[in-house]
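Notes to accompany the following structure.
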Amino acid sequence: MWDRLSLLSVDQISREDAEEIISLSSRMKASDSCRGKILANIFFEPSTRTEKSFQSAMYRLGGQVITHRDIGSSREKGETKDDTIRVLASYADIAVIRDDEKGRMKEYSDMAGIPIINGGDGSNEHPTQTLLDMFTIKDEIGRLDNLKVVFIGDLKYSRSIHTIMKMLSKFSGNKLYTISPHELMLPEGMREIQAESYFIEQMKDALKRIQPEVIYCNRIQKERLQGEKGSYVIDNGILQILPGSSIIMNPLPRAGELSIEIDSDKRFVAFKQAGNGVAVRMALLSMMLKTQSET
Ligand code: NCD
């Protein structure tokens with residue numbers, strides 16, 4: 001069971017934990033439960049939704065927020081990320097860290113000495129995105145198992161896709177499919193996840209055959225590419241072959257892979273998905289700060 005003291009990886013979250021977080025998220029209301037508490041938002045990579053929805057969540061719970069961005073900080077004088085984290089942790093009760101490197105969250109958590117939430121670490125994981133994605137699927141489709149879910153795009157570097165694939169694999173009967181450019185297939189470390197793979201050229205035929213409930217796409221992660229190439233577009237032509245009851249998700253930002261012509265289609269839920277981030281992050285902050293005050 002999740003210890004509720006840190007959220008560094010989705011490996012900490014069982015199916016039951018995820019269900020509990022989703023259920024609490026749907027019941028979250030503005031309150032004063034985090035009055036007097038300070039969240040440090042420590043972002044070493046760009047962010048709009050993750051940072052601002054954590055901020056909104058903390059405000060809705062009566063708490064306050066300090067934000068670190070490298071621009072204008074002592075990082076411009078050469079201060080290390082480790083020193084920055086150590087100092088900011090001494091100013092706050094809980095911190096969200098977004099890192100450009102993968103796999104250092106445990107180290108950061110040990111040096112911070114306060115509860116740490118992984119706000120995305122390189123191409124590795126993005127656990128809070130996955131929890132809001134799972135919340136969205138539950139809200140839109142009504143269940144989290146026995147689903148056919150197709151992942152489209154940069155399977156190599158998308159941390160949002162890596163993390164939700166791991167989480168969906170913990171539920172029963174889910175069938176996962178991937179559609180990617182040749183150079184951007186799932187990385188070695190993800191190969192234990194059972195998924196049927198296709199290339200972008202096969203997208204239409206594959207979608208016609210699969211008839212998925214969920215289509216989850218993400219932009220090509222340009223800032224992480226090491227010479228690889230790839231592009232794709234979801235437009236009305238693709239929507240025509242998808243079931244009327246399916247949903248099209250994307251963690252956003254979009255960068256050319258989602259035509260704006262699909263925005264008015266009720267199956268396109270990416271903006272609702274982004275909005276769900278506040279409730280889910282409220283649930284996480286309140287669960288973790290409650291546990292911290294009891295230990
Ligand atoms: C994602 C991320 O940062 O990994 N964004 C987000 O948090 N909503 C997706 C992306 O940047 O493509």
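Before moving on, here are some points about what is shown:
- Of all DSSP beta bridges in the chain, antiparallel share, percent nearest 5: 5 percent
- Across all C-alpha atoms in region 219-259, the radius of gyration and Dmax reach 12.5, 38 Å.
- Members of K37/K156; K77/K290; K166/K229; K37/K138; K81/K229; K77/K229 lying beyond 28 Å, as alpha-carbon distances in this model show: K37/K156; K77/K290; K37/K138; K81/K229; K77/K229
- Debye log10 I(q)/I(0) at q = 0.11, 0.12, 0.17, 0.22 Å⁻¹ for region 1-131, Cα point scatterers: -0.38, -0.45, -0.92, -1.52
- Relative contact order for the chain, counting Cα pairs under 8 Å that sit 6 or more residues apart, in percent: 20 percent
- Aspartates and glutamates whose Cα lies under 14 Å from that of K272, excluding same-chain neighbours fewer than 8 positions away: D133, D139, E140, D263
- Span from the region 197-215 Cα centroid across to the region 31-46 one, whole angstrom: 40 Å
- Among the GluC sites (Glu not before Pro) in region 1-40, none sits in a DSSP loop with a Cβ that has at most 11 other Cβ atoms within 10 Å.
- The P(r) of region 198-295 has a tail past 17 Å containing 61 percent of all C-alpha pairs.
- Derived scalar couplings between HN and Hα for region 261-274 equal 5, 8, 4, 8, 7, 5, 6, 7, 10, 4, 6, 5, 4, 4 Hz in order, rounded to whole Hz, by the Karplus curve 6.51 cos²θ - 1.76 cosθ + 1.60 (θ = phi - 60°), x for Gly and Pro.
- Relative to the longest principal axis of the Cα atoms of the chain, the long axis of helix 15-27 lies at roughly 80 degrees.
- For region 73-194, the per residue solvent-accessible surface stands at 37 Å², with DNA, RNA and ligands left out and a 1.4 Å probe.
- Over all other residues within a Cβ to Cβ distance under 13 Å of M203, the charged ones net out to -1, with Lys and Arg as +1 and Asp and Glu as -1.
- Free of any trypsin sites (Lys or Arg not before Pro) that DSSP assigns to a loop and that have at most 13 other C-beta atoms within 10 Å, the longest stretch within the chain is 36-142.
- Electrostatic tally near N236: other residues with Cβ closer than 10 Å to its Cβ, Lys and Arg +1, Asp and Glu -1, net -3.
- Principal-axis tilt of helix 49-60 within the chain, Cα atoms, nearest 10 degrees: 50 degrees
- Just so you know, the Cα atoms of the chain work out to an Rg and Dmax of 18.9, 55 Å.
- Cα-centre dipole for the chain with unit charges at Cβ (Lys and Arg positive, Asp and Glu negative), debye to 20: 620 debye
- For G120, residues with placed amide H under 5 Å, excluding near neighbours: D99
- Helical content alone sets the calculated 222 nm signal of the chain at -11000 deg cm²/dmol, taking -39,500 (n - 2.57) per DSSP H segment of four or more residues and averaging over every residue.
The values are calculated or read from the model by the stated rules, or taken from the named source; none is laboratory data. Bear in mind that the values here come from a model prediction, so they are computed numbers and not experimental data. Cβ coordinates were reconstructed from backbone atoms using ideal geometry, including for glycine residues, and neighbour counts include every protein chain displayed. Quick note on the areas: whole protein, heavy atoms, side chains included, nothing else; ligands and nucleic acids left out. Shrake-Rupley method; radii C 1.70, N 1.55, O 1.52, S 1.80 Å.
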